[in-house]
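Report on the following structure.
The values are calculated or read from the model by the stated rules, or taken from the named source; none is laboratory data. Here the structure is a predicted model, which is why all the values come from computation and not from measurement. Every residue, glycine among them, receives a Cβ derived from its backbone with ideal geometry; neighbour counts consider all protein chains shown. Each accessible area value is taken on the protein alone, full model and side chains, heavy atoms only, with ligands, DNA and RNA left out. Shrake-Rupley method; radii C 1.70, N 1.55, O 1.52, S 1.80 Å.
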Amino acid sequence: MDGNKKMALLGSAPIPKALLSLGLPTMTGMLINALYNLADAYFVGGLGTVQMGAVTVAFPLGQVVVGLGLLFGNGAAAYLSRLLGRGDRDTANKVASTALYGGVSLGAVVILFSLIFLEPVLQRAGAIESVMPYAAGYARVYIVFSIFNVFNVTMNNIVSSEGAAKTAMCALIAGAVLNAALDPVFIYTLDLGVTGAAIATAISQMVSTLFYLCYILRKKSVFHFSIKACRFGKEVMPEILKIGIPTLIFQLLTSLSVAMINGAAKEYGSSALAAMGPVTKIMSMGTLIVFGFLKGFQPVAGFSYGAKKFDRLREAIRTAILWSTIFCVIFGVVTAAFPAQIMSLFTKGDAEMVRAGSTALRANGLSFILFGFYTVYSFLFLVMGKAAEGCVLGACRQGICFVPAILILPAAWGLSGVLYAQPIADVVSALIAAVMAVRLHRELRAAEAQASTD
């Protein structure tokens, strides 16, 4: 897709066509990636409950590193969409270059410190004594090679902002398919266990990086990437960080929430701890699909807002809420209806793990019905440059509402308090989003009225 076609898709194509063209490829890529993450958990689950617990406690570390890619990538993407809407290509090139090189550089520093303090961090993430050797072996490989994932996440956001969703989809699919193919080879054939799963993931991430490098070097992007174009001063960084920092906070809260659930669950034994791994990955599959679809909504909304096309923006919001909610209802109902059958796929007969996981899956599935509505407005505030509101709303689900729930409920409700903490936080967060949405639409009507008089 050349530059003119991309701009037409963002600025003038019918909203359903634009959302499908931009969102469907990324959604497909993330769906496949999530499915193969589940395959990863499936193969590790065949090793035993302790090994599943090891991957469970290592998961938050990877999410922290991914957050660095989101800090620069998502922060830049919201700004890039508005710049393209205004026709400012020169500034857009500076923003894209700064995001890519800045994200990789910061990622390398954080990875180094993560390796130095690896075991204390894993302990804080819920690793008990029997789990630690496996968790450390997995995490060392996973963390070192996650530098490629920082690059991939940054590029995924930049590429999505220019409307090249098919490129992002191909990069995600290539890595995911390869990961699923390599998992049984490294885990079982080469007898490397959980470390083999980390090696398979590392190779897959490198392949995705190659896809993005080819995209850049073949000059398919609207943007031109250059170290000379990087601007780490006041010209570019405030706009990237205005959205990037809230996004990073969201990602860190995701890691914190998983670590807190693991920490609370480990008090009830290795089976309860291991159950949280599949539950997290299954629900992540649903959230990633919604995020993937809304990656198509993000550039359309940003472009429309930057170009002051308010009718187009309102239509995009309505369509995004409707379509994402339909998916959330289907996914949530299926998850809530068949939790035991789903959990049984990830264990070799641990009945306690199935019981705990089934309870959590059922509750999470029902609360997931509200996730599409909540996420549309979380994205919308950020893409419009409303960092403070976006930060508060985005921090609700796994921070402001979740942290009190996970601290208070287990003390009063035991293991059930651990299992129901996230669903309760989801419901409260959706209510807060509804209140904030009313105010946002009031502001949009005022901005439209002002624009019509200018």
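Here the range 108-123 and the range 304-370 have alpha carbon centers that stand 32 Å from each other.
Any chance you could check the Cα centroid distance between the range 128-171 and the range 200-274 for me, in angstrom? Centre-to-centre (Cα) distance: 7 Å. Based on alpha-carbon atoms, the Kirkwood radius and the radius of gyration of the range 187-304 give Rg/Rh equal to 1.06. What the range 302-345 shows is 47 Å² of accessible area per residue, with the surface traced by a 1.4 Å probe over protein heavy atoms. Treating r as the C-beta distance of residue 411 and residue 24 and R0 as 45 Å, the FRET efficiency rounds to 0.50. Start at zero, step by 10 Å, and the Cα-Cα distances of the range 281-333 spread as 24, 46, 23, 7 percent across the bins. Each principal axis of the Cα cloud of the range 129-271 was taken in turn, and the coordinate range along them, longest first, works out to 51, 34, 24 Å.
Couplings 3J(HN,Hα) for the range 338-352, derived from phi with the Karplus relation 6.51 cos²θ - 1.76 cosθ + 1.60 (θ = phi - 60°), are 10, x, 5, 4, 5, 5, 5, 6, 10, 8, 9, x, 7, 5, 5 Hz, where x marks Gly and Pro. Tell me the label only: which of (1) 0.94; (2) 1.04; (3) 0.96 is Rg/Rh (Cα atoms, Kirkwood Rh) as calculated from this structure? Correct label, based on the coordinates given: (3).
Sparsely packed loop sites in the range 162-259 (the GluC sites (Glu not before Pro) outside DSSP H, G, I, E and B with at most 15 other Cβ atoms within 10 Å) comprise 235.
Starting from the Cα gyration tensor of the range 231-378, take the square roots of the eigenvalues, sort them a ≥ b ≥ c, and report rounded, prolate or oblate (rounded when a/c is under 1.5, otherwise prolate if a/b is larger than b/c, else oblate).
On the way: a/c = 3.82, a/b = 1.69, b/c = 2.26.
Oblate, since a/c reaches 1.5 and b/c is not below a/b.
Once both labels are positioned 7 Å from their Cα atoms along Cα-to-Cβ, the gap between residue 117 and residue 227 label points is 3.0 nm. Based on DSSP H segments of at least four residues, each scored -39500 (n - 2.57), the chain has a per-residue ellipticity at 222 nm of -28500 deg cm²/dmol.
Normalised size of the range 33-134, defined as Cα radius of gyration per 2.2 N^0.38 Å with N residues, equals 1.46.
Here the contact order of the chain, divided by its residue count and restricted to Cα pairs under 8 Å and six or more residues apart, works out to 24 percent.
Here the calculated FRET efficiency for residue 203 and residue 86, from their Cβ-Cβ distance with R0 = 51 Å, stands at 0.80, rounded to the nearest 0.05.
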